[in-house]
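Everything below concerns the one structure shown next.
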Amino acid sequence: MANRGHSSNLLLLATNLVLSLSSLVLLGGSITLEDNFHDIQVSSLFPATSCTSSLLHPNTNTNTEVDVERSSLKVLPRHGPCSPLASPKVKPPTPDQILNRDELRVNSIVARISGQKPGPSTLEDSKADLPAKPGSTVGTGNYVVTVGLGTPKKDLTLIFDTGSDLTWTQCQPCARYCYKQQDPTFDPSLSTSYTNISCSSAACSQLVSATGSTPGCSVSTCVYGIQYGDSSYSVGFFGSEKLSLTTTDSFNNFLFGCGQNNRGLFGGAAGLLGLGRDKLSIVEQTASKYGKYFSYCLPPSDSSTGHLTFGKGSSSVAQFTPLKTISQGASFYGISILGISVGGKKLPIPVSVFSNAEGIIDSGTVITRLPPTAYNALRSEFQQLMTKYPKAPALSILDTCYDFTKYPTVTIPKVGFWLGGGAYLDLDSSGILYAASMSQVCLAFAGNSDDNEVLIFGNVQQKKYEVVYDLVGGRLGFQANGCA
Ligand SMILES: *[C@@H]1O[C@H](CO)[C@@H](O)[C@H](O)[C@H]1NC(C)=O
C-alpha cells in the first residue's frame, strides 16, 4: 500500500513536471495551446431550426455619406431554415448528394481549365437527356440572392456563382420546358423594358466565351445555351432588361438569358447570377457604377444569412493577395496558395506542389480541393491532433471523419492558408469541418487525383469571411467576421 502510494505521488510529481515544462516551452515560443485550437460546440455544426438574420436588411442600399456607390443584397443558403426556396414538397439533398454533386462541378471545372471544350448546345438540339459534357460549371451553387427584373420589377431568387458569367432566368412561355421554381416565372411580354438581342450584335458573339457554346439564331433573335457540369442546362433568347439590385440601384439594358428550355438541379431557384470575370458577367456589366469591386460573406451555417455587396465601401480589409488570371478559364478568379498550417504548425509541403497547379477561388464549390501531396500532409497532421476522438466512416469524398456522439464540445486544430503577397487566412471554426450527423463529422477538405489538377478554394473554407474581389486593383481580400 505504502509503496503504491509512494509511486503514485512520484507519478503525480513527474506529471506536474512535464506539464510545467510543456507550458514553459509553449510560453517560450510565445504561443499558447488555445491559440492553435478551436473549441467547438458540436451542436453549432448543425443549423438551428429557425433563421437568424444578419443586421442587414434585404435589398436596401447601404450607402452612407462617405461610401460612394455601394449596394448590398442578402445572401441566403439554398437549403435550411433561411432558404426562400424551402418547400415542404421538396426534400433537401442529403450531405452525400451535396458532396457527389460537388464532385461533378469540380470535374467540369477541371475539364474546362485543362482545355476541353463543351459541344454546341442550341434550342433545337437540347433534349432532356443531354449527356454530361464538360460545360460551364454549376447547377448546384449553395447560396441565393434576390434581384428585381423588368418593368414593373419582378423579384427573382437566383443562385449566386463566381464560377460562371451569364445571368439567366426561366422565361414565359417556357417554349420547351421550365422546371418548377418558387417565384412566378418571368414573363418578358409583361415588361416594358425587355428587348431581344439580335443575332448580328456584338453582344451575341460575346456568348461564345461567356457560355462556352456558340450562340444560335431564331428568326433574328440571338439564342444562348449554357450547360453546367452536372448536365443541368438553360437554353433561350438572349435579351436585355432593367435589372434592379436594390430599391435605388438599377441598370438598364442588362444582358441576360431568357430561358425557354431549362433543366437541372436548380432546386426551385429562378436561375443563376453570374459573377465571373468574363465580359457578360454582372461584375462587368455594372462596372461603370461599382468599378468591378464586389464582396460577399457566406454565413457560417444554413440558419444564418450573409451578404453580397457591389462597390467599394469604407470597410477595412485585413488581408490582400494578388488576383491571378487562369489561362484556360477566363471566368475564374485565380488565387495563389503557398502553404498550409495545422494546429499552429506550418506543414512541410514543398512550394512546388502549389506552384505546379493552378488555383482558383470558387463560391459554388463546397469542399476545397488540394493537390494530393498537400492534402495528405494536412490530413495526417489533423488526424494526429484528433486521436482522442473515435473515427467514423468516410462521407462521399471526405475520408477523415469522427464520431462526436459522446462529445458536446470538441477541440480541433486551427487550419490556416498562406497566400501569395504575404496574406495568412486563419479559417473560421465553421470552415474546417463538414457535418452529416453527430456521429459523422468530417474534415472538410479533399485531395485531387493528381498534383497538377486545379486547386479549388471552396465555399466551406470561405465561411464568415468577407471575401473582396477588387478586379481593378488586381487583388482578393479577406476580412474575418464579415457577416456581422
Ligand atoms: C423575341 O424573339 C423571339 C424569337 O424570334 C420571339 O418569339 C419573341 O416574341 C421576341 N420577343 C420580343 C419581346 O420581341
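Each value in this text was obtained by applying a stated rule to the coordinates, not by laboratory testing. Here the structure is a predicted model, which means the values were calculated and not measured. Note: ideal-geometry Cβ built from the backbone for every residue, glycine included; neighbour counts use all protein chains shown.
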Query raised in the report: Tell me, what ³J(HN,Hα) does each residue in the stretch 326-341 have, in order and in whole Hz, if you take phi through Karplus 6.51 cos²θ - 1.76 cosθ + 1.60 with θ = phi - 60° and put x for Gly and Pro?
Result: 10, 4, 8, x, 5, 7, 8, 9, x, 9, 10, 9, 10, x, 9, 10
Query raised in the report: So if R0 is 45 Å, what FRET efficiency would residue 406 and residue 189 give, r being the distance between their Cβ atoms, rounded to the nearest 0.05?
Result: 0.15
Query raised in the report: Rounded if a/c is under 1.5, else prolate if a/b beats b/c, else oblate: with a ≥ b ≥ c from the C-alpha gyration tensor eigenvalues square-rooted, which is the stretch 71-309?
Result: rounded
Query raised in the report: Between Rg and the Kirkwood Rh of the stretch 232-280, both from Cα atoms, what is the Rg to Rh ratio?
Result: 0.99
**Report entry** Cross-link pairs 414/463; 74/289; 242/289; 91/464; 279/324 - those with Cα-Cα distance over 21 Å
**Finding:** 91/464
Report task. In whole Hz, with x marking every Gly and Pro, tabulate ³J(HN,Hα) for the stretch 41-48 from phi via Karplus 6.51 cos²θ - 1.76 cosθ + 1.60, θ = phi - 60°. Result -> 7, 4, 4, 6, 7, 10, x, 6
**Report entry** Spin-label proximity, residue 46 to the stretch 395-419 - amide N less than 20 Å from point 7 Å beyond Cα toward beta carbon
**Finding:** 395-396, 401-412
Query raised in the report: Just in the stretch 180-266: which trypsin sites (Lys or Arg not before Pro) are loop by DSSP and have at most 16 other Cβ atoms within 10 Å?
Result: 180
